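Participant: Before I ask anything, here is the structure I am working with.
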Amino acid sequence: MIDSLYIAWRYVSYNWVRSLTLVACITLIAVLPLSLELLLDESERQLLSRAESTPLVVGAKGSSLDLVMSSLYFGKTLPELISMADAERVIKTGLAQPLPLYVRFKARGAPVVGATLDYFDFRGLHIAQGRNLALLGECVLGARVAENFGLNPGDALLSSPESLFDLAGVYPLKMQVVGILEPAHSADDLAVFVDLKTAWIIQGLVHGHEELVNVTDPTLVMDRSNGNVTATAKLTHYTQITPENIDSFHFHGDPADYPITAVIALPYDDKSSAILRGRFVAGEQPRQIEVPGEVIEGLLANIFRIKSVLDAVILVVGLATVLALVLVFALSLRLRQREIQTIFKLGCSRLTIARFLGAEIVIILAASALLTLLLLGVVERYDEPLVRTLFIR
Amino acid sequence: MHYAKQLPCLRITLLLLTLVFAPTAIAADKLKVYTVNYPLAYFTERIAGEQAEVVFPAPPDVDPAFWMPDTDTIIAYQRADLIVINGANYAKWISKVSLPRLRMVDTSRPFADRFLQQQATSHSHGTGGDHSHSGTAFTTWLDPGQAVQQAEVIAAALTRKRTAAKQLFETNLEELKSNLLALDERLARVTTSAADSPILASHPVYQYLARRYGLNLRSVMWEPDEVPDESQWAEFVKILEEHPAKWMLWEAEPASESVERLRSLGVESIVFDPCGNRPESGDFLSVMLKNAASLEDVSR
């Protein structure tokens with residue numbers, strides 16, 4: 001048997017181009033579906049683990065997927081806005097604690113996530129460099145955002161205007177980077193975190209400007225009556241918050257009406273969760289409540305339907321390749337007819353010749369299997385970052 | 001035999017170790033509670049007893065309502081187990097900083113629908129810069145009934161954090177409530193005779209006191225340590241014509257010159273300290289009892 005393998009190895013290594021082509025074909029056919037399976041399993045795990053660790057999400061009625069993707073993965077689609085009053089409603093039920101989120105703005109393409117400090121506790125996010133948010137106008141960066149932008153605590157980051165054509169819109173806010181988060185291997189790594197109030201400053205709802213009572217420039221004042229001063233549009237709002245001007249920042253209107261995109265509700269127990277969901281389903285609350293795990297499972301079910309189509313395609317291609325391989329071996333036997341005759345004339349039996357040819361196939365298949373295992377090992381080793389790069393951006 | 005000799009030494013070592021490390025262990029086990037004013041710190045100390053370390057970090061010479069903590073103090077607030085706030089727009093710095101909302105306890109939430117509003121007035125205290133008294137009146141604890149409700153909210157929050165000490169918190173709360181209700185009774189008694197009489201206040205901080213006891217109160221914008229200028233006196237005389245008060249409430253001991261001039265106009269000065277910050281001596285209750293005694297003195 002060793003002799004047969006030796007002769008087969010000599011043949012395979014002599015015809016190395018043909019052998020390598022065969023090994024590559026077989027390896028690809030094996031690696032493609034298996035690595036796809038691995039990556040899909042990992043993406044399912046990543047998507048589900050974040051979704052399952054988020055008990056409930058409350059938002060405006062509409063697409064539940066948009067709501068969950070925006071709240072959990074800071075997706076690009078902006079769900080319809082709700083208000084802080086909805087967060088208050090959740091707390092008033094006495095069934096859950098609310099984590100309001102405002103995911104609307106961007107800074108250099110990264111989502112700006114307006115949240116309260118409780119969000120950091122909830123997700124177990126820790127500061128790697130600098131400190132946490134303390135004052136208005138500050139931001140904390142996810143690990144990958146900091147790396148991609150090359151920013152450190154003490155640097156500044158400008159919010160992006162919502163629309164390039166919104167010339168009369170609010171000025172971009174120059175935020176001070178005060179901290180960088182430890183890598184969380186989740187969507188949090190790709191976000192810029194600010195206090196909710198800072199998000200409202202970016203929108204222009206909370207702003208700071210020169211004290212109107214003290215303004216001497218008449219072009220800045222439209223009307224002074226009954227103790228009220230109405231400013232003209234010429235009055236400049238501060239675009240950076242400093243210790244000198246922070247006192248001038250103020251809210252207009254009722255903070256309960258201030259916008260947010262969603263509320264993550266943290267029920268006290270399973271019973272509270274069920275009762276809270278029941279109240280939304282019964283229409284007692286004007287919003288929708290979603291269990292992110294269920295929404296993401298629905299999404300994954302769709303992905304797996306697509307995967308089964310993909311599997312069928314791979315199966316057909318695989319069959320075609322196997323047939324091609326059989327053809328290659330058959331043709332190669334025909335081409336080697338004279339060589340086989342010579343071996344026969346040298347005194348080898350037909351069984352010995354069959355053993356030589358079988359050993360060649362075994363060597364090719366073994367090399368393919370080895371390469372497949374190696375490649376699958378690499379995919380498994382790097383499946384987390386691969387999934388985040390390829391699927392969860 | 002050898003081990004028997006070593007045993008007392010071992011016991012002494014263990015005892016010493018226990019004595020050294022036990023206080024640390026107890027301190028680490030205490031809830032850390034930060035408050036935004038002294039009355040809330042006092043209520044929390046009374047209710048929590050040894051179960052909490054209560055911190056009210058404002059310096060003694062500032063008005064906590066208009067104080068702005070530095071970054072280190074804000075971070076200390078963020079690390080607390082509970083942050084007890086007054087609500088009613090008290091401590092405006094809260095709206096300018098990031099604090100964990102789920103650990104904040106708004107003590108005036110139960111009576112938020114009964115907040116009083118006041119007209120915009122702004123003024124400065126020495127070099128402290130301008131501050132405004134516009135919007136919601138915030139010295140909520142001057143109505144002892146409201147103070148009781150605030151204390152109840154604190155007790156509930158402490159119980160949520162430390163269920164095991166529920167009984168202790170309830171007992172302490174009841175004791176505090178009885179003190180506050182006794183104070184309420186005493187203030188009600190002393191103000192009965194003055195219910196319709198016009199009274200003046202040096203600062204617009206007594207709105208809830210006036211509402212609780214039906215006082216006919218009007219405020220000016222004077223500081224106890226500053227003697228009003230002539231224009232302020234002229235304005236005061238005009239106010240006095242419309243509102244012929246015989247008493248004027250002050251937040252702290254007023255300048256003797258102000259007291260004399262007020263007396264010449266037929267107005268007696270009474271110190272009624274709202275006690276927003278930690279008093280130099282005594283505590284919240286003793287200050288409030290002193291306030292009640294001052295009222296009793298002039299009403300005789």
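The values are calculated or read from the model by the stated rules, or taken from the named source; none is laboratory data. Quantities reported herein were computed from a predicted structural model and do not represent experimental measurements. Glycine gets a Cβ as well: all are built from the backbone with ideal geometry, and neighbour counts include every protein chain shown.
Yes or no, residue by residue, for (1) out of contact with any Phe, Trp or Tyr (no Cβ under 6 Å at 6 or more places or on another chain); (2) within 11 Å of chain B (Cβ to nearest Cβ); (3) modelled with pLDDT of 80 or more:
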{"residue": "A:S225", "(1), (2), (3)": "yes, no, no"}
{"residue": "A:A231", "(1), (2), (3)": "yes, no, no"}
{"residue": "A:Q240", "(1), (2), (3)": "yes, no, yes"}
{"residue": "A:P243", "(1), (2), (3)": "yes, yes, yes"}
{"residue": "A:D247", "(1), (2), (3)": "yes, yes, yes"}
{"residue": "A:H250", "(1), (2), (3)": "yes, yes, yes"}
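Participant: Specify the residue that is surrounded by the fewest Cβ atoms within 10 Å (Cβ to Cβ); the eligible residues are those in the stretch A:252-271 that are more than 14 Å from chain B (Cβ to nearest Cβ) and touching a residue at least 12 places away in the same chain (Cβ under 8 Å).
Facilitator: Across the stretch A:252-271, the extreme among qualifying residues is A:D257.
Participant: Let me ask something additional. Do you know which of the residues in the stretch A:345-391 that are in a loop (DSSP other than H, G, I, E, B) and either among the basic types (K, R) or without any contact (Cβ under 8 Å) to a residue 24 or more places away in the chain (or both) is surrounded by the most Cβ atoms within 10 Å (Cβ to Cβ)?
Facilitator: Among them, the one singled out is A:C348.
Participant: Identify the residue in the stretch B:97-109 that is part of a loop (DSSP other than H, G, I, E, B) and more than 20 Å from the chain's Cα centre (by Cα) and, among all such residues, is farthest from B:E45 (Cα to Cα).
Facilitator: Restricting attention to the stretch B:97-109, the residues satisfying the condition of being part of a loop (DSSP other than H, G, I, E, B) are B:98-100, B:107-108.
Those still in the list that are more than 20 Å from the chain's Cα centre (by Cα) too: B:98-100.
Values: B:S98: 25, B:L99: 22, B:P100: 22 Å.
Restricting to residues being part of a loop (DSSP other than H, G, I, E, B) and more than 20 Å from the chain's Cα centre (by Cα), the top hit is B:S98.
Participant: Restricting the search to the stretch A:169-191, which residues are within 14 Å of A:I127 (Cβ to Cβ) and surrounded by 19 or more Cβ atoms within 10 Å (Cβ to Cβ)?
Facilitator: Correct list: A:V177, A:V178, A:G179, A:I180, A:L181, A:D188, A:D189.
Participant: Given A:V90, A:V68, A:V58, which one is within 14 Å of chain B (Cβ to nearest Cβ), crowded, with 23+ Cβ neighbours inside 10 Å and either among the aliphatic types (A, V, I, L, M) or closer than 28 Å to A:L386 by Cα (or both)?
Facilitator: Result of the check over A:V90, A:V68, A:V58: A:V90.
Participant: For the stretch A:320-344, how many residues meet the condition of being closer than 20 Å to A:R10 by Cβ and free of Cβ contacts under 8 Å to residues at least 40 places away in the same chain?
Facilitator: Initially, the stretch A:320-344 is screened for residues closer than 20 Å to A:R10 by Cβ, giving A:328-329, A:332-333, A:335-344.
Now restrict to residues that are free of Cβ contacts under 8 Å to residues at least 40 places away in the same chain: A:329, A:333, A:335-344.
Qualifying residue count, the stretch A:320-344: 12.
Participant: Further question on the same structure: So which of A:L133, A:L101 ends up being closer than 21 Å to A:G179 by Cα and either more than 14 Å from chain B (Cβ to nearest Cβ) or not in a strand (DSSP E or B) (or both)? Even if it seems obvious, please write down each step before you answer.
Facilitator: Values: A:L101 fails: either more than 14 Å from chain B (Cβ to nearest Cβ) or not in a strand (DSSP E or B) (or both).
Step by step, each of A:L133, A:L101 is checked, and only A:L133 is closer than 21 Å to A:G179 by Cα and either more than 14 Å from chain B (Cβ to nearest Cβ) or not in a strand (DSSP E or B) (or both).
Participant: Kindly list the number of the only condition in (1) under 20 Å from B:T192 (Cα atoms); (2) not in a loop (DSSP other than H, G, I, E, B) that fails for B:A245.
Facilitator: Of the numbered conditions (1) under 20 Å from B:T192 (Cα atoms); (2) not in a loop (DSSP other than H, G, I, E, B), the odd one out for B:A245 is (2).
Participant: Another one. Given the criteria among the aliphatic types (A, V, I, L, M) and more than 14 Å from chain A (Cβ to nearest Cβ), does B:A52 qualify? I'd like the intermediate steps shown before the answer.
Facilitator: On the way: among the aliphatic types (A, V, I, L, M): yes; more than 14 Å from chain A (Cβ to nearest Cβ): yes.
When the stated conditions are applied, B:A52 passes them.
Participant: Quickly run through the stretch A:49-78 and pick out the residues that are assigned to a loop (DSSP other than H, G, I, E, B), closer than 23 Å to A:R89 by Cα and charged (D, E, K, R). Step through it out loud before you land on a result.
Facilitator: Initially, the stretch A:49-78 is screened for residues assigned to a loop (DSSP other than H, G, I, E, B), giving A:53-55, A:60-63, A:74-78.
Now narrow it down to the ones that are closer than 23 Å to A:R89 by Cα: A:53-55, A:60-63, A:78.
Of everything in the stretch A:49-78, just one residue is assigned to a loop (DSSP other than H, G, I, E, B), closer than 23 Å to A:R89 by Cα and charged (D, E, K, R), namely A:K61.
Participant: Being of a type in the set (S, T, Y) and either part of a loop (DSSP other than H, G, I, E, B) or farther than 29 Å from B:Y42 by Cβ (or both) is true for just one of B:S286, B:S258. Which residue is that?
Facilitator: Among B:S286, B:S258, only B:S258 is of a type in the set (S, T, Y) and either part of a loop (DSSP other than H, G, I, E, B) or farther than 29 Å from B:Y42 by Cβ (or both).
Participant: Please pick out the residue among B:P100, B:P144 that is within 12 Å of chain A (Cβ to nearest Cβ) and at pLDDT 95 or above.
Facilitator: The unique qualifying residue is B:P100.
Participant: Let me confirm something: among A:S13, A:S4, A:S35, A:S19, which residue is among the hydroxyl-bearing types (S, T, Y) and under 16 Å from A:L376 (Cα atoms)?
Facilitator: A:S35
Participant: Please go through the stretch B:212-239 and pick out each residue that is touching a strand residue (DSSP E or B) at 6+ places or on another chain (Cβ under 9 Å) and either without any contact (Cβ under 8 Å) to a residue 60 or more places away in the chain or not in a loop (DSSP other than H, G, I, E, B) (or both). Spell out the reasoning first.
Facilitator: Filtering the stretch B:212-239 for residues touching a strand residue (DSSP E or B) at 6+ places or on another chain (Cβ under 9 Å) gives B:215-224, B:236, B:239.
Within the stretch B:212-239, B:L215, B:N216, B:L217, B:R218, B:S219, B:V220, B:W222, B:P224, B:F236, B:I239 qualify.
Participant: Shifting gears a bit: With respect to the numbered conditions (1) part of a loop (DSSP other than H, G, I, E, B); (2) within 14 Å of chain A (Cβ to nearest Cβ), which one is the sole condition not fulfilled by B:I94?
Facilitator: (1)
Participant: With the requirement that a residue be crowded, with 18+ Cβ neighbours inside 10 Å and either of a type in the set (A, V, I, L, M, F, W, C) or not in a loop (DSSP other than H, G, I, E, B) (or both), what does the stretch B:74-91 give you? Write out each step before concluding.
Facilitator: First pass over the stretch B:74-91, keeping only residues crowded, with 18+ Cβ neighbours inside 10 Å: B:74, B:77-78, B:80, B:82-88, B:90-91.
Hits for the stretch B:74-91 are B:I74, B:Y77, B:Q78, B:A80, B:L82, B:I83, B:V84, B:I85, B:A88, B:A91.
Participant: Of A:A85, A:A107, A:A96, which residue is more than 17 Å from B:V97 (Cα to Cα), surrounded by fewer than 21 Cβ atoms within 10 Å (Cβ to Cβ), more than 10 Å from every other protein chain (Cβ to nearest Cβ) and among the small types (G, A, S)?
Facilitator: A:A85
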